[in-house]
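The values are calculated or read from the model by the stated rules, or taken from the named source; none is laboratory data. Please read all numbers here as calculations on a predicted model, not as lab measurements. Quick reminder, even Gly has a Cβ in these numbers, built from the backbone with ideal geometry, and neighbours come from all protein chains shown.
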Amino acid sequence: MLLTRFRSSSLISVLLVIASSASCTHGTMHATLTQEEGSELTVSAAADLTAAFGEIGKAFERERLTRVVFNFGSTGQLAQQIEQGAPVDLFAAANISFVDDLEKKGLIVPDTKALYAQGRIVLWTRIDSTLQPIERVEDLARSEVKRVAIANPDHAPYGKAAREALEHAGVWDAVAPKLVYGENISQTLQFAESGNVDAAIVALSLSVQSDGKWTLIPSELYSPLNQALAVIKGSRNDTAAREFAAFINGPLGRPIMRKYGFILPGEEVAP
C-alpha cells in the first residue's frame, strides 16, 4: 500500500521560526519535535493488520509530519528479521509470545510492550463456491472439499490457531492431507480468493471487507490471539514509534481496528 508523504518545507520553516523565538528550553523542544515529525517511521506488522494499519497509517500521517512505512508479513518471520538487525522502529505481532521472546533477548524497549488487540479466525469461501455451505470446522473434512488453505503454523500465529481449531474439532487427521500453507495470513486468503483452494481459515480482519463468505470459528477451539506491540531498542524514531503505538488505541485508531473485527483492550470478547 502506498502511503503519501505529508511534508511541507514552508511549514517546517515556520515551526523553526517559532522555536527560535521561544525560550531556550522551548526552542530545544520544538526543534526536536520538528526533526522527529519530518522523519520516516518503519513498522513491521503482522499480515492480519494490512487493511487496518493501512487506514491507521494514513490517519496518523494526517496528524503528524511523519511518513509511516509498513513491512507486513508473518509474525515469526518479522521477529527473525528484527533479531538479524533489520532497521525497524515498531513491531506489531499477531501473538504476544513473539514480543516476549524479543524482550528476553533485549531487543525491545520494555516499557513500550502492550496489548493492542485480540484477533479472530473464520472459515472463508468464495461467493461463487458450488460447495454446500461450510459453516463449521468439521465441514472441512467432507469429501467434496479437496483443498484447504491455512497460514504456516510454524511461524504464523493465525496458522497455529487454525491448526488448533482443526485439532480441537477432531478433524485434523482428515483435513491435514488437503492443506495448502500460506507464508502469512494474507497469502492464505489470496489462495482462496483465486480459487486455488476450496476454503481457507483466515483472519476476520482480512475477511470483513473481502468478496467472500465467512463464518466465525468459535473462540473456544483455539488459544486467544492476543496481539502485542513494542518499540524496538535502538530505534532512531523512539518518540514517533511511541506516538504511533498510542495512536492505534487512541480515539482515531480504535474505531478503525474495531471496523476490522478486532477485540480491543478493555472490551469483552464476543462469543
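Here are a few things to note about the model shown:
- Residue that is nearest to Ser74 (Cα to Cα), among those in the range 141-153 that are more than 18 Å from the chain's Cα centre (by Cα) and surrounded by fewer than 24 Cβ atoms within 10 Å (Cβ to Cβ): Arg147
- Output for the range 154-168, where each listed residue is crowded, with 19+ Cβ neighbours inside 10 Å and outside any helix (DSSP H, G or I): His155, Ala156
- Screening Ala200, Ala192 for residues that are more than 17 Å from the chain's Cα centre (by Cα), in a strand (DSSP E or B), assigned by TED's automatic domain parsing to the domain that holds Ala149 and at pLDDT 95 or above leaves exactly one candidate, Ala200.
- Selection count where residues are in contact (Cβ under 8 Å) with a residue 24 or more places away in the chain, among the hydrophobic types (A, V, I, L, M, F, W, C) and closer than 17 Å to Ser44 by Cα, scope the range 215-256: 11
- All positions within the range 255-271 that are of a type outside the set (Gly, Ala, Ser), in a loop (DSSP other than H, G, I, E, B) and either in contact with a Leu (Cβ under 7 Å, 6 or more places away or on another chain) or crowded, with 17+ Cβ neighbours inside 10 Å (or both): Tyr260, Phe262, Pro265
- Candidate set: the range 76-101, residues that are β-branched (Val, Ile, Thr) and within 20 Å of Leu41 (Cα to Cα); chosen: the one nearest to the chain's Cα centre (by Cα): Val99
- Going through (1) touching a helix residue (DSSP H, G or I) at 6+ places or on another chain (Cβ under 8 Å); (2) buried (at least 17 other Cβ atoms within 10 Å of the Cβ); (3) in the same structural domain as Leu102 (by TED's automatic domain parsing) one by one, Leu252 falls short only on (2).
- Residues that are buried (at least 23 other Cβ atoms within 10 Å of the Cβ), closer than 16 Å to Asp48 by Cα and among the β-branched types (Val, Ile, Thr) within the range 172-216 comprise Ile185, Thr188, Ile201, Val202, listed in sequence order.
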